[in-house]
1. From the list B:LYS66, B:LYS108, B:LYS114, which residue is over 19 Å from the mean Cα position of the chain (by Cα), modelled with pLDDT of 90 or more and either among the hydroxyl-bearing types (Ser, Thr, Tyr) or open to solvent by 20 Å² or more (accessible area, probe 1.4 Å) (or both)?
2. Of everything in the range B:26-76 that's of a type in the set (S, T, N, Q) and in a helix (DSSP H, G or I), which residue is farthest from A:ASN115 (Cα to Cα)?
3. Taking the stated definitions as given, is A:ALA178 loosely packed, with under 15 Cβ neighbours inside 10 Å and within 30 Å of B:ARG11 (Cβ to Cβ)?
4. Tell me which residues, restricted to the range A:109-138, are in a helix (DSSP H, G or I), over 17 Å from the mean Cα position of the chain (by Cα) and either more than 7 Å from chain B (Cβ to nearest Cβ) or small (Gly, Ala, Ser) (or both).
5. What residue, of B:ILE245, B:ILE252, B:ILE229, B:ILE270, is more than 13 Å from every other protein chain (Cβ to nearest Cβ), hydrophobic (A, V, I, L, M, F, W, C) and buried (at least 22 other Cβ atoms within 10 Å of the Cβ)?
6. If you check B:ILE85 against the conditions, is it modelled with pLDDT of 90 or more and in a helix (DSSP H, G or I)?
7. Could you tell me whether the range B:137-145 includes any residue that is within 24 Å of the chain's Cα centre (by Cα) and under 30 Å from A:ASP44 (Cβ atoms)?
8. Can you work out which of the residues in the range B:130-148 that are aliphatic (A, V, I, L, M) and part of a helix (DSSP H, G or I) is surrounded by the most Cβ atoms within 10 Å (Cβ to Cβ)?
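The values are calculated or read from the model by the stated rules, or taken from the named source; none is laboratory data. Keep in mind that this is a model prediction, so the values were computed, not measured. No Cβ is skipped: glycine too gets one built from the backbone with ideal geometry, and neighbour counts run over all protein chains shown. Accessible surface is based on the protein model in full, side chains and every heavy atom, while ligands, DNA and RNA are left aside. Shrake-Rupley method; radii C 1.70, N 1.55, O 1.52, S 1.80 Å.
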Amino acid sequence: MFKTKERRSGGRALKGRLVYALALLSVALSLLSLVVILGDALADGLPYLTWGFITSFPSRFPSRAGILPALVGSVWLVALTALFSFPLGVCAAIYLEEYAPRNRVTEFIQVNIANLAGVPSIVYGLLGLGLFVDALALGRSVLAGALTMTLLILPVIIIASREALRSVPKIYREGAFALGATRWEVTRQIVLPEALPGILTGTIIALSRAIGEAAPMIAIAALVYVTFVPLSPLDRFTVLPIQIYNWVNLPRTEFRNLAAAGIILLLVVLVAMNSVAITIRYRHQRKAV
Amino acid sequence: MKGGKGRGEARRIEGIIEKVLFICAALSVFTTLAILGVLVFEAVGFFSQVSIVEFLTGTQWTPLFKPQHFGVLPLVAGTFLVTVIGVGVAVPIGLGAAVFLSEYAPEKARRAIKPVLEILAGIPTVVYGYFALTFVTPLLQRVFPEMIVFNALSAGLTMGIMIIPMVSSLSEDAMLSVPKSLREGAYALGAQKHEVVTHIVVPSALSGIVSSIILAISRAIGETMIVSIAAGSTPRLTLNPLESIQTMTGYITQISLGEAPFGSLEYTTIFSVGLTLFVMVLAVNLVGNYVTKRFWRSY
């Protein structure tokens with residue numbers, strides 16, 4: 001009897017170590033994957049990431065090929081998307097946080113936004129293709145791409161902005177109301193300035209997602225061999241992830257390495273954007289203390 | 001008198017502002033309607049030429065060459081296969097990571113590891129596609145020498161890595177919200193740490209864990225770039241992960257790349273496949289919402 005108990009308790013200790021080991025292994029595997037994913041791209045692409053690569057047009061010859069049109073296309077896309085999505089997202093968030101009555105319409109809008117956040121990005125691509133490119137006759141232009149991307153990231157911006165607005169203490173609003181300010185005056189002069197860092201952080205993170213999205217942009221822009229830099233919102237375009245995808249699909253190793261160089265460039269842009277977002281958040285936190 | 005006029009003016013402006021703000025919020029409803037409208041409109045064009053029964057029950061998908069067949073099942077099977085592999089990787093590893101972070105890791109380590117894990121979710125999917133094709137596939141070919149370059153396994157495994165943080169992050173939040181008193185009660189009854197984890201923490205956090213898994217499934221179904229790059233473009237009704245397949249998203253990408261002429265049968269196929277995809281993801285998300293609402297335990 002005693003012995004079995006002893007054995008069982010030995011088994012318990014072993015089981016305990018096993019659970020711990022499996023949990024630790026999971027974290028280790030995840031972190032290792034991250035290192036390998038980034039390391040793989042860096043090792044393949046770094047030798048190809050030259051000034052010529054950034055300033056040249058795509059070419060059939062890997063040694064001459066560059067990523068300039070895609071880079072400029074991505075800048076166009078993110079600039080226009082920011083222009084559309086920021087005001088729309090912030091206004092929607094202000095309505096839902098500061099104005100909306102608690103009724104069925106409001107609840108419906110909220111559920112709807114949550115559901116939109118779960119729609120696959122390629123479906124937004126089809127929406128943009130059918131609505132902006134075809135029905136509204138914008139063609140396969142940067143403008144059509146940016147409008148599509150705006151609809152795609154709006155739920156993210158709205159959700160982040162609402163959180164930022166919600167974190168502004170109620171007392172601030174009540175004080176301003178007591179002084180006779182209207183709701184808009186309270187929102188514009190008291191709540192918005194206070195919530196702005198949070199809103200900006202959320203918007204930048206949403207825009208960095210837009211830069212990395214390939215699927216919906218393929219539906220809009222298709223695989224076009226762009227040998228020019230888009231100069232107007234109605235020009236055809238390509239973006240970094242599409243160019244990377246294009247190179248990955250070519251069988252020659254040199255083109256795959258170009259894809260890796262493009263990936264490094266894309267990641268650098270994303271890291272830069274995220275550090276801006278983190279800096280804004282950090283500064284605001286210090287100010288609040 | 002001047003003040004009174006100003007106030008009336010102010011009230012009018014207030015009203016206009018409120019309407020503008022409401023329109024911005026209502027844009028989301030318009031977006032949903034537009035998605036449904038576009039998908040259904042183009043799909044109707046498709047179904048006027050292809051019977052819906054053939055579409056839903058046919059086992060061959062060959063819209064690009066003769067004889068044409070429009071059975072969506074091979075694409076659905078491809079999506080299913082890759083999703084199962086991806087979720088099969090992400091759920092155990094994500095749960096393990098969540099257990100480690102919430103139960104075992106010291107606070108400092110948790111704070112350091114969590115954001116690093118979330119970087120995995122922020123990496124563009126095209127980067128994962130590159131990783132699958134140039135790293136995972138060659139690695140797998142050493143294990144399965146007969147395996148061809150484009151296959152479901154490589155895409156599924158890589159997708160699994162991508163959705164780990166989705167599972168781990170939400171599950172960890174759920175585990176952290178399990179109150180200390182429950183854990184302490186179990187310890188008082190003589191339970192050991194791992195028994196507290198498996199008998200108390202995980203069951204108590206189950207609703208959060210299940211919704212994180214459902215979210216992962218929904219993401220896996222809609223994932224596009226990894227499968228477009230690494231899984232191949234051969235619609236095939238198979239459950240063999242070593243074969244080349246095509247998912248619904250992969251097909252949409254393939255046709256989009258070629259700029260199918262507006263209104264052509266080819267063009268309408270991507271919308272009918274898109275509608276199928278949309279309905280499937282919506283169904284999964286609704287189940288997720290239901291689980292969260294119905295079984296959410298707040299402590």
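1. Working: B:LYS66 fails: modelled with pLDDT of 90 or more; B:LYS114 fails: modelled with pLDDT of 90 or more.
Unique residue meeting the criteria: B:LYS108.
2. Looking only at the range B:26-76, we keep the residues that are of a type in the set (S, T, N, Q), and these are B:28, B:31-32, B:48-49, B:51, B:57, B:59-60, B:62, B:68.
Cutting the leftovers down to in a helix (DSSP H, G or I) gives us B:28, B:31-32, B:57.
Working: B:SER28: 10, B:THR31: 11, B:THR32: 9, B:THR57: 28 Å.
Here the residue is B:THR57.
3. Values: loosely packed, with under 15 Cβ neighbours inside 10 Å: yes; within 30 Å of B:ARG11 (Cβ to Cβ): yes.
For A:ALA178, the condition - loosely packed, with under 15 Cβ neighbours inside 10 Å and within 30 Å of B:ARG11 (Cβ to Cβ) - is met.
4. First pass over the range A:109-138, keeping only residues in a helix (DSSP H, G or I): A:109-117, A:121-135.
Subset that is over 17 Å from the mean Cα position of the chain (by Cα): A:109-112, A:115, A:126-135.
A:GLN110, A:VAL111, A:GLY128, A:LEU129, A:GLY130, A:PHE132, A:VAL133, A:ALA135, listed by residue number.
5. Working: B:ILE252 fails: more than 13 Å from every other protein chain (Cβ to nearest Cβ); B:ILE229 fails: more than 13 Å from every other protein chain (Cβ to nearest Cβ); B:ILE270 fails: more than 13 Å from every other protein chain (Cβ to nearest Cβ).
Within the list B:ILE245, B:ILE252, B:ILE229, B:ILE270, the selection yields B:ILE245.
6. Numbers: modelled with pLDDT of 90 or more: yes; in a helix (DSSP H, G or I): yes.
Yes, satisfied.
7. Step one: of the range B:137-145, the residues within 24 Å of the chain's Cα centre (by Cα) are B:137.
Subsequent filtering for residues that are under 30 Å from A:ASP44 (Cβ atoms) retains B:137.
Yes, the conditions are met somewhere in the range B:137-145.
8. The first filter runs over the range B:130-148 and keeps only residues aliphatic (A, V, I, L, M), leaving B:132-133, B:136, B:139-140, B:143, B:147-148.
This time we only want the ones that are part of a helix (DSSP H, G or I), so: B:132-133, B:136, B:139-140, B:143.
On the way: B:ALA132: 30, B:LEU133: 23, B:VAL136: 24, B:LEU139: 10, B:LEU140: 18, B:VAL143: 8.
By that ranking, first place goes to B:ALA132.
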